[in-house]
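Encoded as structure tokens, the structure appears first; notes follow it.
Bear in mind that the values in this text are calculations on the coordinates, not laboratory data. All figures in this text were calculated on a predicted structure; none of them were measured in a lab. We place every Cβ from the backbone using ideal geometry, glycine too, and count neighbours over all the protein chains shown.
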Amino acid sequence: MNTPPEFNEYVSTVAHCSCDKEGKRILINSSESVVNFDAVKEAYAKKNSPDQTPASADGLFVDSSGDYVLVEFKAGDQKKHEILKKAYDSAIILSDLKNKNIAWIKNNVKFILVFYPEKASKDKNINSRNNLYNQGTKNSSKPILIYLKPVSHFLYDNVYEMTPEDFSNKYL
């Protein structure tokens, strides 16, 4: 896990970026460096659209294969439309800042949602379904996407939904 040098002024930790907005729950307690993409978004919005703040993923890093990885950490209730807005807005911000087109995003950027499937909603039925999906596809080569299916192979070629443990095992 590396941070892209063009975003050095926004480097933070995984623990900070995975903390919920109330600051009460850290999803992944790691001091590993990651770009605070929320801070990138704030600076971008201040310069480009001061009257309108876009949504964004929480973090950005470069993985061992050289791909950029946008990561959204969700400790609690997930709303699909909000997650998708973050995926779209993050692609626009990153493509503009890198002066790259959407084809570059699709081929060189991964989007990951990190969450607990069994705690994704206040609705216990939804959490049970999510947990079944997660358990049923854990060893599959092609997992079922609960939230990110609309952007899979459209905006990003590689999208993943994983638990904090799976993310930690793969990237930390």
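Structure above, values below:
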{"read-out": "Cα Rg, Dmax, the range 1-43, angstrom units", "value": "10.5, 30"}
{"read-out": "Separation in nanometres of the label points that stand 7 Å from Cα toward Cβ, at Lys80 and Ile144", "value": "1.3"}
{"read-out": "Cut-off 12 Å between beta-carbons: net charge of the residues surrounding Ser12, Lys and Arg +1, Asp and Glu -1", "value": "-4"}
{"read-out": "Bridge type composition, the range 10-113 - antiparallel percent by DSSP, nearest 5", "value": "65"}
{"read-out": "Filter on Lys47/Lys80; Lys47/Lys106; Lys24/Lys46; Lys80/Lys149; Lys85/Lys106 - keep pairs with C-alpha separation over 19 Å", "value": "Lys47/Lys80; Lys47/Lys106; Lys24/Lys46"}
{"read-out": "Low-density loop positions, trypsin sites (Lys or Arg not before Pro), the range 1-95 - DSSP coil, at most 13 other Cβ in 10 Å", "value": "Lys21, Lys24, Arg25, Lys79"}
{"read-out": "Length released on extending from Ala103 to Glu6, taking residue separation times 0.36 nm less the Cα-Cα span", "value": "32.9 nm"}
{"read-out": "Scaled radius of gyration (Cα, divided by 2.2 N^0.38 Å) that the range 17-95 gives", "value": "1.11"}
